[in-house]
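Step one of this worksheet: look at the structure below.
The values are calculated or read from the model by the stated rules, or taken from the named source; none is laboratory data. Everything numeric in this text was worked out from a predicted model, so none of it was measured. Note that each Cβ is placed from the backbone with ideal geometry, even for glycine, and that neighbours are counted across all protein chains shown. Side chains are part of the model used for accessible areas, which takes the heavy atoms of the whole protein and leaves out ligands, DNA and RNA. Shrake-Rupley method; radii C 1.70, N 1.55, O 1.52, S 1.80 Å.
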Amino acid sequence: MGAALCVAIAFTSCKSQESAYKKMYEKAKAQEEQQTAASNTQDQATVTPMVTKQANQTTVSNVDNTPVRSEDVTLISGTGLKQFSVVVGSFGLKSNAEGMQSLLKQGGYDAQIVFNPQNNMYRVISGTYDNKSEAVQSRDAIRGSKFNKNSDSWLLFKK
């Protein structure tokens, strides 16, 4: 009987406390928020140098040097994709993508949602174009707007 009592005490004293799990979760969440804030600060610290030019120089478009990401995507919501699209948001949840699509449509954009099954992401597209130069102009126009505050829009080439 004494041995049974010792075994019972040993098993009850080894139980983990719910508060210990909660403390570890909160600590991990705080570290994640700090890393995200530090990452955002580093991204905002990048400054493009200003280039001066003479008045008689012609303006040359830098469209060819604009990076384009090629992905195999499936149209979820919208009218259809052309060769180049401007992606203004990427979400793991379809409902978040639908929310951003709704905001863009209210702002007058032909917003669409596509899905990339390779990385399980829903992409929100503000516009789609036949040529790269139009897509670059659209991307530059939406950067910094209320629809793309972090200026993280990019070009998608549909495979």
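Suppose the filter is open to solvent by less than 30 Å² (accessible area, probe 1.4 Å) and of a type outside the set (A, V, I, L, M); does Ser153 pass it? Spelling it out, Ser153 is indeed open to solvent by less than 30 Å² (accessible area, probe 1.4 Å) and of a type outside the set (A, V, I, L, M).
Among the residues in the range 69-80, are any in a loop (DSSP other than H, G, I, E, B) and among the small types (Gly, Ala, Ser)?
yes
Looking at the range 112-131, is at least one residue in a helix (DSSP H, G or I) and surrounded by fewer than 17 Cβ atoms within 10 Å (Cβ to Cβ)? Checked against the condition, which is being in a helix (DSSP H, G or I) and surrounded by fewer than 17 Cβ atoms within 10 Å (Cβ to Cβ), the range 112-131 yields no hits at all.
All of (1) open to solvent by less than 50 Å² (accessible area, probe 1.4 Å); (2) within 21 Å of Leu75 (Cα to Cα); (3) not in a strand (DSSP E or B) hold for Ser145 with one exception: (2). The residues of the range 78-92 that are of a type outside the set (A, V, I, L, M) and open to solvent by less than 40 Å² (accessible area, probe 1.4 Å), listed by number, are Gly80, Phe84, Ser85, Gly89.
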